[in-house]
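Quick notes on the structure that follows.
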Amino acid sequence: MCGIAGVIHRGGTSGIGAEMTSMLQALRHRGPDSTGFAIYGTPAEGDYVMRFKVAEQEDMASGFDIHARIRGRLEEVDRRLAELGVTVRDRAVSTEYAMRYVISHDGDLEHLARYVEDVEGTEILSLGGALELVKDLGDATVVSEQYDLGAFRGTHGIGHTRMATESDVDIRSAHPYWAFPYNDVAVVHNGQITNYWLMRREMERRGHRFMSDCDSELLAVYTAHNLAHGVTLEESLERSVREIDGVFTYLVATRDQLGMAKDTMAAKPLVLYESDDLIALASEEVAIRAILPQEIDTTDPYDEEIRVWQA
């Protein structure tokens, strides 16, 4: 059944990492298999943050050989970045298999991403100026502590707790999803897309890449394609309700916006709280109350409702 949540501050930055952790932990009962965060900080001019993995968590139990392969993959990633003239300003090891690089590059970011992902076992989780995407197996507290997200400050974020139904329990199948060529876009989704394969084949014919067989990834690719072609986020959300079949509620975040869309049946739950300074959304009100314990008024967005908020 999965759980989704999102927060956006209209007046500046906040402890978005801690807020998203509290909200997603409150939704743990909706999806204990994996947890993911897409959080947006203050970008440094000219720099990009690249979050990537070179193995799956379950690979780590396969013995010494996996450690040797990981070292080899990281060396090849570094070699390819140097070949493209990329300056790596900072390297951080989040786990044995997940890395955070701060890079400077004035070339084609899509070409960079494709070249790096050609390295065996490597997947870029996000590459952007403001976005940092983290996802792994376990509940929100486990993943947040593992990746040191509690101190992360930013303007907005979205997140997901997953109960695996039609795809594997692994990082690749966990939400949120990011897609190039549009930087800083991330999507979380609760529902099922029934024309997934038809739309996926169309996106693949247009040159887009898919890293999983999870239908939710389509929403990230679809959104990134639209935004890269000059469509506004609000227009993309409106199109999705007409063009995507199924029952779905999803949240999408960009560098400075947070949006939501519900399908024509509105079968998947979403609760909304809105004030002058803060917007919070979640599958259940308990997640919003995890960061706003005072008495609050919430609403339930109706069928085909589209909303976009600015950071």
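The values are calculated or read from the model by the stated rules, or taken from the named source; none is laboratory data. Remember, predicted model here, so these are calculated numbers, not experimental data. Ideal geometry is used to build each Cβ from the backbone, glycine not excepted, and the neighbour counts take in all protein chains shown. Accessible surface is based on the protein model in full, side chains and every heavy atom, while ligands, DNA and RNA are left aside. Shrake-Rupley method; radii C 1.70, N 1.55, O 1.52, S 1.80 Å.
Brief remarks on what is shown
- Accessible surface computed residue by residue for the range 227-273, with neighbouring protein chains in place and a 1.4 Å probe, gives 39 Å² per residue.
- Cα gyration tensor shape for the range 177-241, rounded if a/c is under 1.5, else prolate or oblate: rounded
- Rg over Rh [alpha-carbon atoms, Kirkwood Rh] for the range 35-162: 0.96
- Three semi-axes describe the equivalent ellipsoid of the range 38-109; taken as square roots of 5 times the Cα gyration tensor eigenvalues and ordered largest first, they are 25, 16, 8 Å.
- Rolling a 1.4 Å probe over the protein heavy atoms gives the range 1-159 an accessible area of 39 Å² per residue.
- Its convex hull of Cα atoms gives the chain a direction-averaged projected area, equal to a quarter of the hull surface, of 14.8 nm².
- Rounded percent of accessible protein surface that carbon and sulfur make up, the chain, 1.4 Å probe: 45 percent
- Of the listed residues VAL93, VAL221, the order by accessible area with a 1.4 Å probe, largest first, is VAL93, VAL221.
- Rolling a 1.4 Å probe over the protein heavy atoms leaves MET211 with an accessible area of roughly 40 Å².
- The residues neighbouring ALA228, those whose beta-carbon lies less than 11 Å from its own, together hold a net charge of 0 under the Lys/Arg +1, Asp/Glu -1 convention.
- Taking the C-alpha atoms only, the angle from helix 16-26 to the longest principal axis of the chain is near 70 degrees.
- Nearest-ten-degree value, helix 216-228 long axis tilted from longest Cα axis of the chain: 90 degrees
- Distance distribution P(r), the range 159-311, all Cα-Cα pairs, bin width 5 angstrom from 0: 2, 9, 19, 22, 22, 14, 8, 3, 1, 0, 0 percent.
- Between helix 233-243 and the chain: long-axis angle, C-alpha atoms, 0 to 90°, nearest 10: 80 degrees
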